[in-house]
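Working notes, beginning with the structure itself.
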Amino acid sequence: RYPSQSVLWMIVLPGNFNRHGYQTTDTACQPCKSTEYYGATTCFDKDDRSVLVEIYVALKGETWDRNENWLDPGDFCTWYGVSCWNIGDSKQGRVRRIQLPNNNLQGVVPETIYSMHHLTTIDLSRNEIVLPFNNIVQSQHIFSINVAGTKTIDYDGIYDATPFFKQLYADQTPI
């Protein structure tokens, strides 16, 4: 016989997510339109600003060498290292590039970075970061990623990138 314990947990249902992949009495599931599977741990419904804020927090933005305008309530396209589309179509004001090389970033990049639907370029080279590739399939327009000189060692998922993905710079990584 096993000791009597009241353990309540539920697997996360499609249309929801939880960072653990299951719900407990302490961690509730959150709604998420983009999750199609049971046990989702990440939501890709986020807008560009929310994702940028997640990146700033996860990579210790307050200690970056350059972080001008980050977290200002105004236009996030003015945040240091963020470039947005400016061609007058549906991409107007959406993040096009994140370029923060050699800027004292530290930590694991949130996988929601791939939910910025019009992002084409990521350059986080020469920082103490890890960029996971598990959910790169979420990014339809990613063309170039530079993780040279970072702590990125796991490239699982890279083959799921769309045919639009052409450039991976990973020199000086501990492969």
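The values are calculated or read from the model by the stated rules, or taken from the named source; none is laboratory data. None of the values given here were measured: they were computed from a predicted structure. Here Cβ is always computed from backbone atoms with ideal geometry, including for glycine, and neighbour counts include all displayed protein chains. Protein only, heavy atoms only, side chains kept; ligands, DNA and RNA dropped before computing areas. Shrake-Rupley method; radii C 1.70, N 1.55, O 1.52, S 1.80 Å.
General remarks:
- For the range 125-156, filtering for residues that are over 17 Å from VAL95 (Cα atoms), open to solvent by less than 20 Å² (accessible area, probe 1.4 Å) and under 15 Å from the mean Cα position of the chain (by Cα) leaves 5.
- Test: residue in the range 157-169 that is under 16 Å from the mean Cα position of the chain (by Cα), crowded, with 17+ Cβ neighbours inside 10 Å and within 25 Å of ARG49 (Cβ to Cβ): yes
Here is a yes/no grid of residues against (1) modelled with pLDDT under 95; (2) touching a helix residue (DSSP H, G or I) at 6+ places or on another chain (Cβ under 9 Å):
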| residue | (1), (2) |
| --- | --- |
| LEU105 | no, yes |
| HIS141 | yes, no |
| ILE145 | no, yes |
| GLY149 | no, no |
| ASP156 | yes, no |
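- Some residue of the range 92-100 being at pLDDT 95 or above, open to solvent by 60 Å² or more (accessible area, probe 1.4 Å) and in a loop (DSSP other than H, G, I, E, B): no
- Filter result for the condition that a residue is modelled with pLDDT of 90 or more and open to solvent by 70 Å² or more (accessible area, probe 1.4 Å), over GLU54, GLU36, GLU68: GLU68
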